[in-house]
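> I have a structure I would like to understand better, so I am pasting it below and will then ask my questions one at a time.
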Amino acid sequence: MNNRRFFPIFIFFALVMSFALPALAADGTLEPPKPALFATWWALVPPVVAIVLALATKEVYSSLFFGIAFGAVLYSGGSFEGTVLHVFNDGFIKVLTDPYNMGILIFLVLLGAIISLMNRAGGSAAFGRWAEGRLKTRIGAQLSTILLGLLVFVDDYFNCLTVGSVMRPITDRHNISRAKLAYLIDSTAAPICIIAPISSWAAAVSGFVEGEDGFALFVQAIPYNFYAILTIAAMISITLMNFDFGPMARFEELAVAGHVTDAHCALSVQEDDESARPGNKGGMIDLVIPIISVVIFCVIGMIYTGGFFSGTGFVEAFGNCDASVGLSLGSLFGFIFSVIVYQVRRIISFRDAMGSLVTGINAMAPAILILTMAWSLKAMTDSLGAKEFVAASMTLAAGNLVALLPAIIFLVGWFLAFSTGTSWGTFGILIPIVVAVFQNTSHELMIISISACMAGAVCGDHCSPISDTTIMASAGAQCNHVDHVNTQLPYVIVVASVSFVSYIIAGYTQSAALTLPIALVMMITALFLLKRLKSRERQKVSVEEV
């Protein structure tokens with residue numbers, strides 16, 4: 001973005017911060033007042049500020065920080081000292097000392113180390129050689145990416161980073177843009193996790209349902225999870241129909257033309273130090289073993305934290321698991337097991353294997369920084385009463401329009417997840433409200449509404465620049481984060497529109513067997529019309545050029 005255009009924005013926030021100076025007490029002490037804007041719509045303004053700035057400036061870090069600072073100003077009532085202390089004590093320091101968040105960061109570092117380990121051992125290169133003779137078309141490469149993403153359904157973080165590291169060399173070779181790869185990764189991460197009964201997401205959703213069998217409700221809600229199902233259907237259809245629209249079309253045109261050095265194409269591979277470059281001794285087994293071992297150990301880690309080895313049933317253990325600890329344990333044991341296997345096979349030296357830890361930290365540093373700031377931004381919205389505001393608004397709207405409530409819940413879930421960047425947080429806010437509203441009235445509407453909550457949360461999370469899953473998809477594809485958000489947004493809007501109409505229909509029919517086929521037909525029809533519109537635009541451009 002032009003610096004002259006950014007300057008007024010900077011001045012605006014500088015003025016907002018300067019207004020806080022007179023709020024200091026005469027003796028220099030500060031008594032933090034209770035937020036005057038608590039549980040009002042102002043609670044959702046800070047993330048909106050961050051998102052707008054990120055999309056306008058194409059720069060994520062400063063945009064997130066401005067959003068955090070703005071939220072702290074609202075919380076402190078304009079006090080400079082209160083603002084600074086809230087940003088650090090209740091923002092950065094709080095989120096970095098949170099056990100769950102720290103577990104996720106450890107998981108990311110270890111997974112980055114495993115990816116580096118596979119690369120150094122030559123497993124990734126071996127897969128590239130294997131795929132070169134089998135995946136000969138761009139469509140085949142994209143379908144393989146989708147298939148792998150659908151198979152890795154245990155956790156969305158693991159999905160994003162694993163699929164990205166494995167498929168990135170293949171999609172690069174077929175001149176598929178990093179933006180398209182990020183879209184394919186992101187569209188198979190949360191959408192498949194939210195409809196897979198054995199996943200960390202199923203465990204999270206089950207834990208938010210009080211007074212009901214959470215796991216049973218989750219399974220019953222799967223056919224009504226229109227956004228997740230339609231996202232997967234749309235992704236496969238777009239690949240088979242071989243067309244793109246919106247900003248993604250330009251990225252793909254540049255990639256097909258071979259402009260790999262174009263900044264907007266984001267296809268060039270980042271150069272690492274000499275020790276981190278791919279090895280050539282390994283075979284396919286050196287890629288398969290680490291991935292399978294991490295999956296197995298992560299599942300064992302999850303059910304361990306859920307009490308499986310203390311007598312709890314498998315499904316119940318998954319429902320009660322601590323995903324953060326489970327993933328951390330799984331990635332740690334997966335890394336240790338992979339190092340041992342590589343030492344036995346004499347594929348890589350022990351020193352190089354340990355060097356993968358440093359490489360993993362370096363590779364994940366941008367994602368860790370964005371995640372930390374995104375978590376801090378969520379802490380600002382929490383301190384301003386975002387949960388209370390949404391809960392009060394939903395309770396007020398629940399009295400009437402019962403049949404339309406699933407569609408309304410879908411929109412509320414989308415906006416909340418988009419603004420806060422967290423789908424799990426959205427589950428925690430909305431699902432208890434939905435259960436309370438429908439628990440003693442309509443069981444089927446409760447299932448549809450829970451599914452609408454999950455779908456809306458995934459939809460908002462899917463297109464939010466501050467979403468952890470979106471950040472992980474960008475990291476996995478090594479794609480510019482804002483480019484990923486911009487190119488994916490039109491696809492999300494199309495699927496979300498069809499999903500919204502589907503929830504209106506489902507509210508009246510209360511039948512998944514009837515509504516889901518209608519939703520799929522509407523989705524395919526919408527894509528067909530978009531393709532025809534795109535073809536007409538190309539014909540018009542060709543005529544004008546002639």
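The values are calculated or read from the model by the stated rules, or taken from the named source; none is laboratory data. Not measured: the values here are computed from a predicted model. Glycine also receives a Cβ, built like all others from the backbone with ideal geometry; neighbour counts cover every protein chain displayed. These accessible areas exclude ligands, DNA and RNA; they are computed on the full protein's heavy atoms, side chains included. Shrake-Rupley method; radii C 1.70, N 1.55, O 1.52, S 1.80 Å.
> For the list (1) at pLDDT below 85; (2) crowded, with 18+ Cβ neighbours inside 10 Å, I need the number of the one condition that Thr231 fails.
(1)
> Additional query: I'd like to verify a number: residues in segment 186-196 that are in contact with a His (Cβ under 9 Å, 6 or more places away or on another chain) and over 14 Å from Tyr227 (Cβ atoms), how many?
Residues that pass the stated criteria total 0.
> Which of the residues that make up segment 305-331 are among the hydroxyl-bearing types (Ser, Thr, Tyr) and over 25 Å from Gly149 (Cα atoms)? Lay out the reasoning, then the answer.
First, the residues of segment 305-331 that are among the hydroxyl-bearing types (Ser, Thr, Tyr): 305, 310, 312, 324, 328, 331.
Listed by number, the residues that qualify are Thr305, Ser310, Thr312.
> So which of Leu117, Leu74, Leu96, Leu108 ends up being closer than 17 Å to Ile370 by Cβ, buried (at least 23 other Cβ atoms within 10 Å of the Cβ) and in contact with a helix residue (DSSP H, G or I) (Cβ under 9 Å, 6 or more places away or on another chain)?
Only one candidate qualifies: Leu108.
> Here's a follow-up. Taking the stated definitions as given, is Thr469 among the β-branched types (Val, Ile, Thr), open to solvent by 40 Å² or more (accessible area, probe 1.4 Å) and either more than 30 Å from Ile368 (Cα to Cα) or in a helix (DSSP H, G or I) (or both)? Steps first, answer last, please.
Values: among the β-branched types (Val, Ile, Thr): yes; open to solvent by 40 Å² or more (accessible area, probe 1.4 Å): no; either more than 30 Å from Ile368 (Cα to Cα) or in a helix (DSSP H, G or I) (or both): yes.
So Thr469 fails the test.
> In segment 254-264, is there at least one residue being under 19 Å from Gly140 (Cα atoms), crowded, with 17+ Cβ neighbours inside 10 Å and modelled with pLDDT under 90?
Pass one, segment 254-264, residues under 19 Å from Gly140 (Cα atoms): 255-258.
Remaining after also requiring crowded, with 17+ Cβ neighbours inside 10 Å: 255.
When the remaining residues are screened for being modelled with pLDDT under 90, the result is 255.
Yes; the residues of segment 254-264 include at least one that is under 19 Å from Gly140 (Cα atoms), crowded, with 17+ Cβ neighbours inside 10 Å and modelled with pLDDT under 90.
> Only one of Pro191, Pro223, Pro169 is modelled with pLDDT under 90 and over 17 Å from the mean Cα position of the chain (by Cα). Can you tell me which?
Result: Pro169 is the single residue among Pro191, Pro223, Pro169 that is modelled with pLDDT under 90 and over 17 Å from the mean Cα position of the chain (by Cα).
> Give me the residue from segment 304-324 that is modelled with pLDDT of 85 or more and part of a helix (DSSP H, G or I) and, out of that set, least open to solvent (accessible area, probe 1.4 Å).
Thr305
So that you can scan it fast, the table gives a plain yes or no per residue for (1) more than 30 Å from Leu489 (Cα to Cα); (2) modelled with pLDDT of 70 or more; (3) over 20 Å from the mean Cα position of the chain (by Cα); (4) part of a helix (DSSP H, G or I):
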{"site": "Asp27", "(1), (2), (3), (4)": "yes, no, yes, no"}
{"site": "Leu55", "(1), (2), (3), (4)": "no, no, no, yes"}
{"site": "Asn101", "(1), (2), (3), (4)": "no, yes, no, yes"}
{"site": "Leu110", "(1), (2), (3), (4)": "yes, yes, no, yes"}
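> Residues being assigned to a loop (DSSP other than H, G, I, E, B) and among the aliphatic types (A, V, I, L, M): count how many of those fall in segment 472-485. Spell out the reasoning first.
Of all residues in segment 472-485, those assigned to a loop (DSSP other than H, G, I, E, B) come to 478-480.
Restricting the remaining residues to those that are among the aliphatic types (A, V, I, L, M) gives none.
So the answer is 0.
> Looking at (1) open to solvent by 60 Å² or more (accessible area, probe 1.4 Å); (2) within 22 Å of Pro99 (Cα to Cα); (3) of a type outside the set (A, V, I, L, M), which is the only condition Gly330 fails?
Among (1) open to solvent by 60 Å² or more (accessible area, probe 1.4 Å); (2) within 22 Å of Pro99 (Cα to Cα); (3) of a type outside the set (A, V, I, L, M), Gly330 violates only (1).
> Turning to a different aspect of this structure: Could you list, in sequence order, the residues of segment 339-381 that are of a type in the set (D, E, K, R), open to solvent by 60 Å² or more (accessible area, probe 1.4 Å) and either free of Cβ contacts under 8 Å to residues at least 40 places away in the same chain or within 23 Å of Asp468 (Cβ to Cβ) (or both)?
Selection gives Arg346, Arg351.
> Restricting segment 382-393 to residues that are crowded, with 22+ Cβ neighbours inside 10 Å and part of a helix (DSSP H, G or I), which is modelled with the highest pLDDT? Even if it seems obvious, please write down each step before you answer.
Filtering segment 382-393 for residues crowded, with 22+ Cβ neighbours inside 10 Å gives 384, 386, 390.
Subset that is part of a helix (DSSP H, G or I): 386, 390.
On the way: Ala386: 75, Val390: 68.
Out of the qualifying residues, it is Ala386.
> Pairs under 7 Å by beta carbon, first residue aromatic (Phe, Trp, Tyr) in segment 288-315, partner surrounded by fewer than 19 Cβ atoms within 10 Å (Cβ to Cβ), six or more apart or different chains?
Final answer for the pair search is Phe297/Phe333; Phe308/Phe314.
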